[in-house]
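The values are calculated or read from the model by the stated rules, or taken from the named source; none is laboratory data. All values derive from a computational prediction rather than experimental measurement. Cβ placement follows ideal geometry from the backbone for every residue including glycine, while neighbour counts extend to all protein chains displayed.
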């Protein structure tokens, strides 16, 4: 029982450390992140002291607050990304949303990626955060090269990712209908931080 308890504490610290590394790479930090290791430490110490219930209660509360009520902020000296957008092309002002979704969006803590959920290849023209006029390129998750054709079930990453961001637009044509222009639209609340799938 004690061994399982210790392993659980260690697993929580490993998970917390991996999340801090991901945020740091994105130029972000967790203002309340210190609550998690402090809380886990109190949980561990609770096994060695007589005040077990008090320490475990306080430690659990601190760890939960640090994990489920975060304050993700940008590091000082790093400004929110303002990516250079490509010129807007008039042809795409009439692009329409498909009746059946061709794309799924996977929204993550520090970025996003899209997946072709249709049966044909999509020829990507570009993407932009909602509210921007113009396009950015999509990139391969494997080698980081620009992606222009997205095969069925394949993924592409949206980059660079500005913060904050409340939505995206992806313009494309289907291989079986090259004369029709389509746009994928997704919007969300900035406060939502967990992994989501948007159709």
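What do you reckon, is residue 157 at pLDDT 80 or above and either closer than 28 Å to residue 18 by Cα or over 22 Å from the mean Cα position of the chain (by Cα) (or both)?
Working: at pLDDT 80 or above: yes; either closer than 28 Å to residue 18 by Cα or over 22 Å from the mean Cα position of the chain (by Cα) (or both): yes.
So residue 157 fits the description; yes.
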Q. Only one of these conditions is not met by residue 18: (1) modelled with pLDDT under 75; (2) surrounded by fewer than 17 Cβ atoms within 10 Å (Cβ to Cβ); (3) within 25 Å of residue 108 (Cα to Cα). Which number is it?
A. (1)
Q. Is it the case that residue 141 is under 30 Å from residue 15 (Cβ atoms) and either modelled with pLDDT of 90 or more or in the same structural domain as residue 167 (by TED's automatic domain parsing) (or both)?
A. yes
Q: Given the conditions (1) modelled with pLDDT of 65 or more; (2) surrounded by 13 or more Cβ atoms within 10 Å (Cβ to Cβ); (3) touching a strand residue (DSSP E or B) at 6+ places or on another chain (Cβ under 7 Å), report the number of the one that residue 31 does not fulfil.
A: (2)
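Quick one: which residue in 103, 65 is closer than 21 Å to residue 139 by Cβ and either at pLDDT 70 or above or not assigned by TED's automatic domain parsing to the domain that holds residue 153 (or both)? Even if it seems obvious, please write down each step before you answer.
On the way: 65 fails: closer than 21 Å to residue 139 by Cβ.
From the options 103, 65, the qualifying one is 103.
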